[in-house]
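Worksheet: one structure, shown below.
The values are calculated or read from the model by the stated rules, or taken from the named source; none is laboratory data. All figures in this text were calculated on a predicted structure; none of them were measured in a lab. Here the Cβ positions follow ideal geometry from the backbone for every residue, glycine too, while neighbour counts run over all protein chains shown. To get the accessible areas, we keep the full protein, side chains included, count just its heavy atoms, and leave off ligands, DNA and RNA. Shrake-Rupley method; radii C 1.70, N 1.55, O 1.52, S 1.80 Å.
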Amino acid sequence: MINITWLRTFCALAEFGHFTRTAERLHMTQSGVSQHIRKLEDQLDTDLLIRQGKQFSLTNAGEQLYKE
């Protein structure tokens, strides 16, 4: 079963498109957001983001998960 807190963090990140804005909106730290995403990726055994420095894009799996 997917951890709902991690999923909410992922959806907020996909919506806001920025780790800092997501952290501010969720009253978290940037590292907390990153940890949630990493834990969700580990739980699902797939990458959800393509990280490019401070920017990112969703993988196909990430796009599918966000749509659902």
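Dipole of the chain computed with +1 at Lys/Arg Cβ and -1 at Asp/Glu Cβ about the Cα centre; of C11, Q64, T46, farthest Cα towards the positive end is C11. Entry comment: accessible area of the chain is 70 Å² per residue, from protein heavy atoms only and a probe of 1.4 Å. Whole-Hz Karplus values for region 57-68 come out as 9, 7, 6, 4, 5, x, 5, 4, 4, 5, 5, 6 Hz, taken residue by residue from phi with 6.51 cos²θ - 1.76 cosθ + 1.60 and θ = phi - 60°; glycine and proline positions read x.
Can you give the extra length, in nm with one decimal, that the chain gains between Q55 and S31 once fully stretched, where that is 0.36 nm per residue apart less the Cα-Cα distance?
Details: separation 24, 0.36 × 24 = 8.64 nm, distance 1.46 nm.
In short, 7.2 nm is gained.
Tell me, what does the Kirkwood hydrodynamic radius of the chain come to in angstroms if you use every pair of distinct C-alpha atoms?
Numbers: mean 1/r = 0.0853 Å⁻¹.
This gives a value of 11.7 Å.
Phi-derived couplings, Karplus 6.51 cos²θ - 1.76 cosθ + 1.60 at θ = phi - 60°, listed residue by residue for region 22-38: 4, 4, 4, 5, 9, 6, 10, 8, 4, 5, x, 4, 4, 4, 4, 5, 4 Hz, with x used for Gly and Pro.
Can you compute the helix-only [θ] at 222 nm over the chain? Use -39500 (n - 2.57) per DSSP H run of at least 4 residues, normalise by all residues, nearest 500 deg cm²/dmol. Don't jump to the answer; show the numbers that get you there.
On the way: 4 runs with 44 residues, N = 68.
My calculation for the chain gives -19500 deg cm²/dmol from helical runs alone.
Given a 1.4 angstrom probe, I'd like the percentage of the accessible area of the chain that is carbon and sulfur, rounded to a whole number. Its accessible area is 46 percent carbon and sulfur atoms. Each Cα pair under 8 Å and six or more residues apart adds its sequence gap; the mean of these over the residue count of the chain is a relative contact order of 28 percent.
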